[in-house]
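The structure under discussion appears below in the form of structure tokens.
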Protein chains: 2
Amino acid sequence: MTGGTRVTAVRVHDVRFPTAAAGDGSDSLNRGDYSASYVELATDGGPTGAGLTFTNGRGNELTCAAVRALAHHVVGRTVPEVAREPVAFWRSLTADPQLRWLGPEKGVIHMATGALVNAVWDLRAKLAGVPVWRLLAELPTDELVRTIDFHHISDALTPDEAAGILDRGRVGLADRLDQLTRDGFPAYTTSVGWLGYPDQQVRELTRAAYAQGWRALKLKVGGPIEDDLRRVELVRAEVGPEVLLMLDANQVWGVDEAIGNLAQLVGVDPYWIEEPTHADDVLGHARIAEAVGRQSGGRCRVATGEMAANRVIFKQLLQAGAIGVCQVDACRVGGVDEVLAILLMAAKFGVPVCPHAGGVGLCEYVQHLSIFDYLRVGCSLAGRMIEYVDHLHEHFVDPVRVAGGRYQLPVAPGYSVTMRPESVARFSFPDGPAWR
Amino acid sequence: MTGGTRVTAVRVHDVRFPTAAAGDGSDSLNRGDYSASYVELATDGGPTGAGLTFTNGRGNELTCAAVRALAHHVVGRTVPEVAREPVAFWRSLTADPQLRWLGPEKGVIHMATGALVNAVWDLRAKLAGVPVWRLLAELPTDELVRTIDFHHISDALTPDEAAGILDRGRVGLADRLDQLTRDGFPAYTTSVGWLGYPDQQVRELTRAAYAQGWRALKLKVGGPIEDDLRRVELVRAEVGPEVLLMLDANQVWGVDEAIGNLAQLVGVDPYWIEEPTHADDVLGHARIAEAVGRQSGGRCRVATGEMAANRVIFKQLLQAGAIGVCQVDACRVGGVDEVLAILLMAAKFGVPVCPHAGGVGLCEYVQHLSIFDYLRVGCSLAGRMIEYVDHLHEHFVDPVRVAGGRYQLPVAPGYSVTMRPESVARFSFPDGPAWR
């Protein structure tokens, strides 16, 4: 166990795609050039580990710089060393006595932590010759439990409770895997209703999505409420009552404003309201969840998580009954290790996980998390869907494959975020040909 | 109102002091080289605006880089423009459609926001020829209210409620100012009990502090509980029952662990327990507050705030009854504008504000906040103290003056964080003489 592939260097690339001009990805708060701080772990032989964190354009240099600031905790490590003492490794990054002040465990420094931690998981899975979802699903319970830092969450989830969930998850795993291999994993699309699109484009995109098999669609809200209502009613009229419509306000509302607007929007029978208010407002989300549950006769729930900074925020969202859908993001939090904690807390509290995706590489990442969750943690597809946005996949060596509204299981070893070298070169900022 | 001094450039300096080797500032989580991302706003005539954010050493380059990423929102502005539309200015920084993803409103990007916003306040006060505390205390109520972004906090504090507090604060203001001018502002010292100090040094520092007039002392805890108990009992034995002892765990405990350890520590009659658990854990702090109140017969309260990321976290700490002391930090949040919101929310909820200080320049900053709070918001000294740590003040042009355990009122125009040019030069990282 002392040998094994050793990380010899951390390389980080500032990769930016000029998406802002097109209006893709426009919502009530974010209009960006989808970007990635792309991390490569060079090794003394064997594969290269790949990880990334997604950003919205400007500022991508900050997460790149944070990766460099943390890199010394990764260089020189071997995969077996990290696997033997995963919490010690994770804390070397998250509890660095000087860098912790910059978070703690949030924002720039934590997103960089996630990129590095995920790159180690990618390397580990490539060395094992399996995709990350399979690596995780087949790990012994005690090894999975040992991967989680229970510090600051043990009041909500103990190691014994985690082990119990993971042990129960072994039952029927082969059948669930057969089913996923055959049918794929349910998904929904966010490609039809960006705020930057005019009504006619939304209508056409809705028809096209329905024709492609999508039966769950997400629309951005958070503009003037009369515009929101018109667009949502337009889409509902196109698709009929059976299709799930999700609404996403991207945090623009205050708590009372959210409750007031939702009183109107529940008329279109939304399945969830996503990010109805500020990402940090656990108590506000709890109030909104109570109100919208009442307004909708229990049919609409609150979803959030793409900007929930860490496991401590998720813990409270679950403890407070503030969310009915847990939208963990693969790179906002500190990598697979912290996602495990969040998946297990969600399972304990009976809340389905529908990961946040889109951006750059998020779909590639989160498919592994949802598949593992179904195989070993949540063990149900009820209420589970992976977000899907159909852009920028062409830059990955092993892009997601979606058909008939379902993700097909990835089979290549690793975590699926290895970028094509020509894409990295072309879109490197500011010196790549796309930016010169 | 369209003229006025215009910001022509933002300069940022990576200034680091080699404090780690001395054990100063060592607590259960942080051992650092106290540092500042020091911001200067060059203008087209007139004074230079100075702001800073404190960091713990490594990573100071990240907050410097974040200042550069945000600087274009400040360059070209005039002070009257900002004063006319303060929320629009503040949101240009905090809701930048690309940079917001890196927070939102937390960590590296928000600390850089604070440095820039505070530099504008420093410039404004210098132009007015008054210290920031006086500028704020003398502003009309409507102008103070217009400075606050009520978005995401109006469920806890409305503009009308804020105006009511500020209007009432005009009554008796002159008397309170006379009193402060005469007596200074109460303080406590954190210089006696860093974890890095051996018992004998703690004993000697305690005696020296008592002899200097200090009647409120803070000790770091969060090591092995038997060591914590021994050190705290040692100090209590030195100073007797009348001196206030505050304990600071710097987030190392889990929620249940905090409750268990406090059951033992309440025996030394601590006045507060600071940061008993993770900074983001509003619900955890609320549980601990309930428990320690019960354990101590209501004599010990929970204090936190130095790592509370923004007004939304403070809002919830107050709504949940999680804190009995509000320890806002001058540069963790987004500058004076956001501090105003936090002071007013604390006043509404009846919680005294005792700002976090220490580090580099924090004492210089927060004296203005506490003085303003007393003059115009909280209007009481009951339970109010400013933290004081006696190092690194010599690097400031107008350092804090503390005598007999009380801050003396600063009189120089500005926000008191203008650094001596020779200090900036000497401690610039990595090229200054102190680091070469």
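Projecting the Cα atoms of A:Phe396, A:Val192, A:Leu265 onto the dipole axis of the protein assembly as shown, where Lys and Arg carry +1 and Asp and Glu carry -1 at the beta carbon, places A:Phe396 farthest toward the positive end. Note that the protein assembly as shown shows a convex hull volume over its alpha carbon atoms of 161 Å³ per residue. Its Cα centre serving as origin, chain B has a Cβ charge dipole (Lys and Arg +1, Asp and Glu -1) of approximately 520 debye.
Note that the range A:133-148 has calculated 3J(HN,Hα) couplings of 4, 6, 3, 5, 5, 9, 5, x, 3, 5, 6, 4, 5, 5, 6, 8 Hz, one per residue in order, obtained from phi through the Karplus relation 6.51 cos²θ - 1.76 cosθ + 1.60 (θ = phi - 60°); glycine and proline are x.
Chain A residue nearest by beta-carbon to the axis mapping A to B, with distance in Å: A:Gly107, 1. Between copies, the label points at A:Arg401 (set 7 angstrom from Cα along Cα-to-Cβ) are spaced 7.7 nm, reported in nanometres from shortest to longest. Relative to the longest principal axis of the C-alpha atoms of chain A, give the angle of the C-alpha long axis of helix A:282-295, reported between 0 and 90° and rounded to the nearest 10°. It is inclined by approximately 40 degrees.
Sort the range A:173-423 into rounded, prolate or oblate with this rule: let a ≥ b ≥ c be the square roots of the eigenvalues of the Cα gyration tensor; rounded if a/c is under 1.5, and if a/c is not under 1.5, prolate when a/b is larger than b/c, oblate otherwise. Here the range A:173-423 falls in the oblate category. Near A:Phe396, the amide H atoms lying under 5 Å from its own belong to A:Arg420; only residues 5 or more places off or on other chains count, and H is placed 1.01 Å from N. Rg and Dmax over the alpha-carbon atoms of the range B:241-303 stand at 10.5, 33 Å. On the basis of the beta-carbon distance and an R0 of 51 Å, A:Arg11 and B:Gln179 show a calculated FRET efficiency of 0.25.
Shown for the range B:91-150 is the translational diffusion coefficient from the Stokes-Einstein equation, using the Kirkwood radius over Cα pairs, a temperature of 4 °C and a viscosity of 1.567 mPa s: 100 µm²/s. In sequence order, the range A:161-173 has phi-based couplings of 5, 4, 4, x, 4, 5, 5, 4, x, 6, 6, x, 4 Hz under the Karplus curve 6.51 cos²θ - 1.76 cosθ + 1.60, θ = phi - 60°, and Gly or Pro positions carry x. Applying D = kT/(6 pi eta Rh) to the range A:271-344, where Rh is the Kirkwood radius over alpha-carbon pairs, T corresponds to 37 °C and eta to 0.692 mPa s, the Stokes-Einstein value obtained is 269 µm²/s. Chain B gives an Rg/Rh value of 0.95, both radii derived from C-alpha positions and Rh following Kirkwood. Take A:Glu242, push a point 7 Å out from Cα through the beta-carbon direction, and compare it with the same point in every other copy: 8.2 nm, smallest first. Axis angle, to the nearest 10 degrees, between helix A:225-239 and the longest C-alpha principal axis of chain A: 90 degrees. Where both residues lie in chain B, what percent of DSSP beta bridges are antiparallel, nearest 5? The antiparallel proportion sits near 55 percent. Each Lys and Arg adds +1 at its Cβ and each Asp and Glu adds -1 at its Cβ; summed about the Cα centre, the range A:173-423 shows a dipole of about 620 debye. Structure remark: mean-square fluctuation, Gaussian network model of chain A, C-alpha springs under 10 Å; the largest value among A:Cys354, A:Cys379, A:Cys331 belongs to A:Cys379. Ranked from shortest, the separations from the 7 Å Cα-to-Cβ label point of A:Gly293 to its equivalents in the other copies are 2.5 nm. Largest mean-square fluctuation among B:Leu343, B:Leu157, B:Leu375, in a Gaussian network model of chain B whose springs join Cα atoms under 10 Å apart, belongs to B:Leu157.
Considering only beta bridges that DSSP places wholly inside the protein assembly as shown, some 55 percent are antiparallel.
A full extension of the chain between B:Trp435 and B:Glu394 corresponds to an added length of 12.9 nm, given 0.36 nm per residue minus the alpha carbon distance. Give me, ordered by chain and number, the residues 5 or more places off A:Ala187 or on other chains with an amide H under 5 Å from its own placed amide H. Close amide H contacts, sequence-distant or interchain: A:Ile386, A:Tyr407. Ordering B:Leu93, B:Thr48, B:Pro352 by the projection of their Cα atoms onto the charge dipole of chain B, which places +1 on the Cβ of Lys and Arg and -1 on the Cβ of Asp and Glu, puts B:Thr48 at the extreme positive end. For the protein assembly as shown, the Cβ-based charge dipole about the Cα centre amounts to some 400 debye (Lys, Arg positive; Asp, Glu negative; other atoms uncharged). Counting heavy atoms of the protein chains alone, B:Tyr271 has an accessible area of about 40 Å² for a 1.4 Å probe.
Taken as Cα centroids, the range A:86-142 and the range B:377-421 sit 42 Å apart, rounded to the nearest whole angstrom. Shape class for the range A:268-307, computed from the alpha carbon gyration tensor (a ≥ b ≥ c): oblate, with a/c not under 1.5 and a/b at or below b/c. What is the distance in Å between the Cα centres of the range A:211-254 and the range A:319-353? Each part's Cα centre sits 24 Å from the other's.
The H on the amide N of B:Cys326, modeled in the peptide plane, is under 5 Å from the matching H of B:Val353, B:Cys354, each at least 5 residues off or on a different chain. Give me log10 I(q)/I(0) at q = 0.19, 0.21 Å⁻¹ for the range A:356-399, Debye formula, one equal scatterer per alpha-carbon, no solvent. Results for the range A:356-399 at q = 0.19, 0.21 Å⁻¹ read -0.59, -0.68. Couplings 3J(HN,Hα) of the range A:97-106, computed from phi: x, 9, 7, 4, 3, 6, x, x, 6, 7 Hz, in residue order, whole Hz [Karplus 6.51 cos²θ - 1.76 cosθ + 1.60, θ = phi - 60°; x for Gly and Pro]. Largest GNM mean-square fluctuation among B:Ala237, B:Ala341, B:Ala66, using chain B with Cα springs under 10 Å: B:Ala237. Where only DSSP H runs of four or more residues are counted, the protein assembly as shown gives -12500 deg cm²/dmol as its mean residue ellipticity at 222 nm, each run worth -39500 (n - 2.57). Classify the range A:289-422 as rounded, prolate or oblate from the Cα gyration tensor: take a ≥ b ≥ c as the square roots of its eigenvalues, call it rounded if a/c is under 1.5, otherwise prolate when a/b beats b/c and oblate if not. It is prolate, given that a/c is not under 1.5 and a/b is the larger ratio.
The values are calculated or read from the model by the stated rules, or taken from the named source; none is laboratory data. Values in this document were obtained by computation on a predicted structure and should not be read as measured data. Methodologically, a virtual Cβ is constructed for each residue, glycine included, from the backbone with ideal geometry; neighbour enumeration extends over all protein chains shown. Calculation scope for accessible area: heavy atoms of the full protein, side chains included, ligands and nucleic acids excluded. Shrake-Rupley method; radii C 1.70, N 1.55, O 1.52, S 1.80 Å.
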